[in-house]
1. Taking only DSSP H segments of four or more residues, each worth -39500 (n - 2.57), what value at 222 nm results for chain A once the sum is divided by all its residues, to the nearest 500 deg cm²/dmol?
2. Given R₀ = 41 Å, FRET efficiency for A:MET109-A:LEU240 by Cβ-Cβ distance, to 0.05?
3. Computing the accessible area with a 1.4 Å probe over protein heavy atoms, can you report the carbon and sulfur percentage for segment A:184-248?
4. For B:MET1 and B:GLU128, calculate 0.36 nm times their separation in residues minus their Cα-Cα distance, and state this gained length in nm to one decimal.
5. Which length gain, in nm to one decimal place, applies between B:GLU304 and B:HIS47 when the Cα-Cα distance is subtracted from 0.36 nm times their residue separation?
6. How high is the relative contact order of segment A:124-261, in percent, with contacts defined as C-alpha pairs under 8 Å that are six or more residues apart?
7. What does the charge dipole of segment B:234-273 about its Cα centre add up to, to the nearest 20 debye, if the Cβ of each Lys and Arg holds +1 and the Cβ of each Asp and Glu holds -1?
8. Using only Cα atoms, what Kirkwood radius does segment A:152-273 have, in angstroms?
Amino acid sequence: MVNPGAEAGKAAEAAKAAVRYNSMELMICLAARCLEDGSTVVVGTGAPCAAAMLAQKTCSPNLMIMFEAGGAGPLLPSMPISVGDSRTFYHGLFAGSMGEIMDACQRGMVDCTFLGGAQIDPYGNINSTVIGPHAKPKVRFPGSGGANDLASLCWRTMMITPQDAKRFVPKCDFVTSPGYLTGPGAREAAGLPPGTGPYKVITQLAVIGFDEATKRMKVEGLHPGVTREDVIKNTGFELLWAEEVSTSEPPREEELRILREQVDPYRYIIGRG
Amino acid sequence: MEVKQQGEGRLFTDPDANRAREYFRTKPRALKSKLTTVSEAVANLIHDGDYVAVGGFGTNRIPTALLHEIVRQKKKNLGLSGHTATHDFQILAAGGCIDRCDVAYVVGLEARGLSRNSRRLFESGQLEVTEWTNAALAWRYRAAAMGVPFIPARSMLGTDTFKKSAAKEIECPFTGETLVALPALYPDVALVHVHRADAYGNCQVDGIMVADQELTRAAKKVIVTCERLIPNEEIRRQPEKTAITYFTVDAVIEVPFGSYPGNMAGEYFSDEEHIREWLSAEEDPQTFRAFLDKYIYGTKDFQEYLGLCGGLARMQKLRALELLSIPKGGE
């Protein structure tokens, strides 16, 4: 006689195994789960916006999404292409100005932001300005935009970024946006608001936090199938490791369904995974 | 007040509030029509060497018609405030109109990628650059709008962005904390595109303002293009809707679809196909030259450009995209 419980268990196992996802989908789901219900977040376009949209439709229905150009609290009908396009205040709570959004950050009312960049160092400092000399750079990137302000003024800075040794460098060519600068106490000494700084870096390999004592990157979790060696090989500096490194929980079926059907149906972002 | 450190970047504009007051003292306050044309406004109000600032946000509510005309009239040695200057920077860079730039965000077009030609301008070393942030430039406009020489803030500290800026680090006279002093930015000319304006220059805007209120109060001269001219009575019916006041404005021109290929909230969505065409034409300098000849140098005005881009049929499609909120990929 067949044990019905065991059958159900097997079916669940099979269903789980059938859930296929790519690394971008995993990164977005992990980032979404970091966004607390009832909190405020400033996002840009791309993966951060997808993460905030997903969070709003899953774990954090009362997440207040803000865009630096002035939009806040939209019911996003689709992925914005620009941080200032009309989707960013579609059926929103507020359509104001950049000064007002940045004031809110400076006043201490924005919990979280997401940033990216061409280079990131062990202290979470980010370069999005130049490679090579500033006056005649080898490569020119767009510059800070609002990134320096958000990294300076929001309570927590998160990053969703591909991880490789060229991007995770011992020292940035140019520090556009502040992480923990040179280490413990450096942000406060520079005059940045106390209690702010990098919180998590989510890559295609791992979830990385920051060590309380040294303010350096510390690996907290590895994605399923990823080894320590994979992470070490793709990092240009020495990482710290949590005592117990967890395994990232893969995307749940419900998260993937919402992400694919409602958040990014045209696969602009998740298609890059 | 002790200056603890200062950035190495050059300050391109004068932050002196008293000299600005002397200028604003002479600015006419009379409620007179300022209606003109794009070509006249650019010819009369923008001079080689001026420092220019552009309203909107990159590809959203930008005054494209004015920007094209600056290129068409071959203005030279302009300074530019790179406050999320994406397509606007791309146009002025294409025309070789600028030689110095306060950079917060340039070269990129957000999610769409990078402008190859704009990048070349930086990498050739031909452009003098001072770095800032988006908030810093918005707050610099605000200081000017307030009529004070600087405003304190708490970003940029501890970074190379500060080092390459023209900001100064000061000690707060009340708390002793380190603050950044951002110098007031009084542009010579501000270019903005709005939804509605009357002939005097009272303007209404739907959706986000970005930094246009501060900017138009900071600038010595302001050129406004609008989607639609409205009678003064309509302004007076809803004075709370007046985002920009007539006495800051020097010229008003009605330019329907004036932000194309950008997005105008509630009117039309951005033309992503045309923006992609711009970006890909830039891959090759010769192709790009032909592209500019076709769309800017070879056209007599913005209406002709719109015609080349698909005219009313295209505009109607972009309007449907905007109003029906069809996701971009649903085109």
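The values are calculated or read from the model by the stated rules, or taken from the named source; none is laboratory data. These numbers were taken from a predicted model, which means no experiment stands behind them. Cβ sites come from the backbone with ideal geometry, for glycine too, and all protein chains shown count toward neighbours. What goes into the accessible areas is simple: the full protein's heavy atoms, side chains included, and nothing from ligands, DNA or RNA. Shrake-Rupley method; radii C 1.70, N 1.55, O 1.52, S 1.80 Å.
1. On the way: 8 runs with 71 residues, N = 273.
That calculation yields -7500 deg cm²/dmol at 222 nm.
2. Numbers: r = 32 Å, r/R0 = 0.77.
My answer for the efficiency is 0.85.
3. Numbers: 1480 of 2980 Å².
Answer for segment A:184-248 is 50 percent, counting heavy atoms of protein chains only.
4. On the way: separation 127, 0.36 × 127 = 45.72 nm, distance 2.93 nm.
Taking 0.36 nm per residue and subtracting the Cα distance, the gain is 42.8 nm.
5. On the way: separation 257, 0.36 × 257 = 92.52 nm, distance 2.48 nm.
Extra length available between B:GLU304 and B:HIS47 comes to 90.0 nm.
6. Numbers: 246 pairs, mean separation 32.3, N = 138.
Averaging sequence separation for qualifying contacts and normalising by length gives 23 percent for segment A:124-261.
7. On the way: 3 positive and 8 negative charges, 79 e Å.
With Lys and Arg at +1 and Asp and Glu at -1, about 380 debye.
8. On the way: mean 1/r = 0.0620 Å⁻¹.
This gives a value of 16.1 Å.
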